[in-house]
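Reviewing the structure listed below.
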Amino acid sequence: MFEAVEELIGEHADLEKQLADPTIHADQARARTLNKRYAELTPVIAAYLAWKQTGDDIRTARELAADDPEYAAEFTAEVKDLEVRREGLTERLRLLLVPRDPSDDKDVILEVKAGEGGDESALFAGDLLRMYLRYAERTGWKTELIQSNESDLGGYKDVQIAVKARRSAGGDEPGQGVWARLKYEGGVHRVQRVPATESQGRIHTSAAGVLVLPEAEDVDVEINPNDLRIDVYRSSGPGGQSVNTTDSAVRITHEPTGIVVSCQNEKSQLQNKEQAMRILRARILAVAQEEAEKEASDARRSQVRTVDRSERIRTYNFPENRISDHRVGFKAYNLDQVLDGELDPVIQACVDADSAAKLAASQ
């Protein structure tokens, strides 16, 4: 059933041999690439060997049951237990062989942007931001504010954060990075509630958009400095004296793609430039992936095109304390807990649906 794994066993053995060579580690980039591939293959090989061994054990138990009538019932029961275990290993191996998103191990840049609904939409954008910050805290991820544009009532017209996994000494299990979970959050989020500004107690519907991009490393994207137009200007909005009285804000235009990124949150022009370059690299990487991979393009179709209520992926209904994900039919009545960062069940429903679709497509 899993003949293709035999080739992966050979590749895994070859990687093990290469990684045992000290000269390989002189080139850190190559060593990282080999280590990453080795880590990807290791659980596949382990599951396959266990699956194969269980098959051998089943055959042995059946032969013993046939040859020794005195213990036939005992061996038959053992066969049933082994068959149940083999079924579980078969399913695990199938899932491990589902084509992986190459960005799953990456950190992300997440942007929340107010849409239709004015001040109420900006307040909801603030609620979504807090939800993601609390989810990151529960998951053990680090967050960093990159850029924000606050509204008059304390919400956000738009805000960008970086979300990073805390790397263990031995590295994380492949596919367990921030992108592997948060990529399903991209899209239009709709809220139904009585706004703080509503005097008649009427329920309003508004929307905010979430855009999630895998954060690019320097090796992922090569940017020619000659392709950049960099403008500096005086920051606006809240801030200290040095923020509002010097030309510290930075706007970077990548002329080949027309992508424009600006940053004004930091006090110095250099810091704002560094933050803007991070966002620019992530956006260029996303464009390159969309052009190069149809899968990546399909995965991003659900992300924000226009922040319009009709394109919603999820609804947050406050009067009913209900959250609904319209892509996978998920529904729960613990909205207050979800907004406090208990997002895992919602995200897991999307992960499971995505895995099932990929598994069906690969068969």
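Between L64 and R32, the modelled labels are 5.0 nm apart [label points 7 Å from Cα along Cα→Cβ]. If one takes the longest principal axis of the Cα atoms in the chain, at what angle in degrees, from 0 to 90 and to the nearest 10, does the Cα axis of helix 28-67 lie? Approximately 30 degrees, to the nearest ten.
Among the listed pairs K142/K183; K113/K358; K183/K273; K142/K267; K17/K106, those with a Cα-Cα distance over 24 Å are K113/K358; K183/K273; K17/K106. Taking all C-alpha pairs of the chain, those more than 36 Å from each other amount to 37 percent. Computed from Cα positions, the angle between helix 269-292 and the longest principal axis of the chain comes to roughly 50 degrees. Once the dipole of the chain is set up with Lys and Arg at +1 and Asp and Glu at -1 on Cβ about the Cα centre, which of A50, L97, A356 lies farthest towards its positive end? So the residue we want is A356.
Rounded to the nearest 10 degrees, the angle from helix 4-19 to the longest Cα principal axis of the chain is 70 degrees. Distance between the modelled labels on K142 and R166, one decimal in nanometres: 1.0 nm (7 Å Cα→Cβ projection). Here r is the Cβ-Cβ distance between F2 and A357 and R0 is 22 Å; the resulting FRET efficiency, rounded to 0.05, is 0.60.
Springs join every pair of Cα atoms under 10 Å in this Gaussian network model of the chain, and among N224, N321, N35 the largest mean-square fluctuation is at N224.
Computed from the Cβ-Cβ distance with R0 of 22 Å, the FRET efficiency linking A13 to Q53 stands at 0.80. Were the residues from E290 through A332 laid out at 0.36 nm apart, the gain over their Cα-Cα distance would be 11.8 nm. Considering only I252, I279, I161, the mean-square fluctuation computed in a Gaussian network model of the chain, springs between alpha carbons under 10 angstrom, is largest for I252.
Once the Cβ-Cβ distance of T23 and V194 is raised to the sixth power relative to R0 = 45 Å, the FRET efficiency obtained is 0.10.
Read the figures in this text as sums done on the coordinates, not as results from a lab. Keep in mind that what you see is a predicted model, and the values were worked out from it rather than measured. Cβ sites come from the backbone with ideal geometry, for glycine too, and all protein chains shown count toward neighbours.
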